[in-house]
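K.L.:
Take a look at this one; I'll ask things after.
The values are calculated or read from the model by the stated rules, or taken from the named source; none is laboratory data. These numbers come from a predicted model, not from an experiment. Cβ atoms come from the backbone with ideal geometry, glycine included; neighbour counts cover every protein chain shown.
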Amino acid sequence: MHKLPENIVNLSAASTDTVPLTESMAGNCTLEVLRLDKIDPVISGNKWFKLKYYLEQALAKGQNSVLSFGGAWSNHIVATAFAARKAGLQSIGIIRGERPADFSPSLQKAAGAGMQLVFVSREAYNQKNDPAFIKQLEDKYHHPCIIPEGGAGEPGIKGATEITRLMKPGHYTHLLCAVGTGTLLAGLVQGTTRNHQVIGIPVLKGFDNWLPPGIAETNRQRVKVLTGYHMGGYAKKNEQLFEFMNRFYFKTHIPTDFVYTGKLFFSIFDLLKKNYFPAASRLLAIHSGGLQGNDSLPPKTLVF
Ligand SMILES: *Cc1c(COP(=O)(O)O)cnc(C)c1O
């Protein structure tokens, strides 16, 4: 049985940075950022944590490959390709939609890391959680370890709880993160105690009256999902967002990505301006990485 190598990412690079806030804007609130973007250029942020137990499972079972799902711009697909290669596993990516003539930067990177890319119709892709479809894939690709889209599921949540080990214990009143599948959000809730509010900012439409999977009844009232910040939907972008991301970088030297963390920090500043947080709140934003996604923007859109 092979073990997962220790050094796939560099966890000790995850600093906690302070964002300067003006008194008039923030009352006595403080804002810190857990820089998970720094643990690896590609296997960054929450993706590593969500993949970890799937990779471990594959090695423990003697499987020699992993298979997962994503769109052409998926951070998860690229992270899976790179992490699998470092773990000595092969990887297969089931990609939504027709094979494009030109690969997106994400697909180029995934293919470059040795991932076998399989393009399927949207109809087929939508069966990604259907046991019969998964059985077909298992038979066809020699029984790989199946990782659900986005690294969702129990092993993904379990990995995400470990992010809380990198935080100053007991210090924060509010944790804030971007939400795709909600696996990261669920992990932050499971990894913390009653004293922490955990706020998720969905970057897609359709999260009204939604709570992440795996949240115990007793934890529900400390989870908030604020749905007003998707800016039109997944990967939708505008000048206001780019201006914010550039200004934020000038002020903090923290780069953000336009799909997730740009919208997260935009929302935090908006909430601070609106006095959403009680006085003297101590906020921790999770920088969940994803910077490789900015490669799809035209040059000079961002200053970093
Ligand atoms: C995938 C991703 C997320 C979303 O994480 P979920 O666990 O799916 O909610 C957030 N931020 C970044 C940068 C991501 O790449």
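K.L.:
Any chance the stretch 90-105 includes a residue that's under 17 Å from Ser296 (Cβ atoms) and of a type in the set (Lys, Arg)?
P.N.:
yes
K.L.:
Same structure, new question: Identify, please: which residue in the stretch 67-86 is away from the ligand (no atom under 12 Å from the Cβ) and aromatic (Phe, Trp, Tyr) and is, among those, surrounded by the most Cβ atoms within 10 Å (Cβ to Cβ)?
P.N.:
Of everything passing the filter in the stretch 67-86, Phe82 is surrounded by the most Cβ atoms within 10 Å (Cβ to Cβ).
K.L.:
Quickly run through the stretch 258-284 and pick out the residues that are within 19 Å of Ile199 (Cβ to Cβ) and within 16 Å of the ligand (Cβ to nearest atom).
P.N.:
Val259, Tyr260, Thr261, Gly262, Lys263, Leu264, Phe265, Phe266, Ser267, Ile268, Leu284
K.L.:
Here is a further query. Give the residue that is nearest to the chain's Cα centre (by Cα), with candidates limited to residues of the stretch 27-42 that are surrounded by 23 or more Cβ atoms within 10 Å (Cβ to Cβ) and not in a helix (DSSP H, G or I).
P.N.:
Leu34
K.L.:
At pLDDT below 95 and more than 16 Å from the ligand (Cβ to nearest atom): which single residue out of Leu4, Leu89, Leu117 fits that description?
P.N.:
Leu4
K.L.:
Could you list, in sequence order, all residues of the stretch 162-174 that are surrounded by 15 or more Cβ atoms within 10 Å (Cβ to Cβ) and under 20 Å from Ala13 (Cβ atoms)?
P.N.:
The answer is Glu162, Ile163, Thr164, Leu166, Met167.
K.L.:
Here are some conditions: (1) touching an Asp or Glu at 6+ places or on another chain (Cβ under 7 Å); (2) without any contact (Cβ under 8 Å) to a residue 24 or more places away in the chain. Gly206 meets all but one. Which one does it not meet?
P.N.:
Here Gly206 meets the rest and fails (1).
K.L.:
Now a separate question. If you check Thr227 against the conditions, is it within 13 Å of the ligand (Cβ to nearest atom), β-branched (Val, Ile, Thr) and free of Cβ contacts under 8 Å to residues at least 40 places away in the same chain?
P.N.:
No, not satisfied.
K.L.:
Filtering the stretch 43-66 down to residues that are among the hydrophobic types (A, V, I, L, M, F, W, C) and surrounded by 21 or more Cβ atoms within 10 Å (Cβ to Cβ), which residue is farthest from the ligand (Cβ to nearest atom)?
P.N.:
Per the stated criteria, the residue is Ala58.
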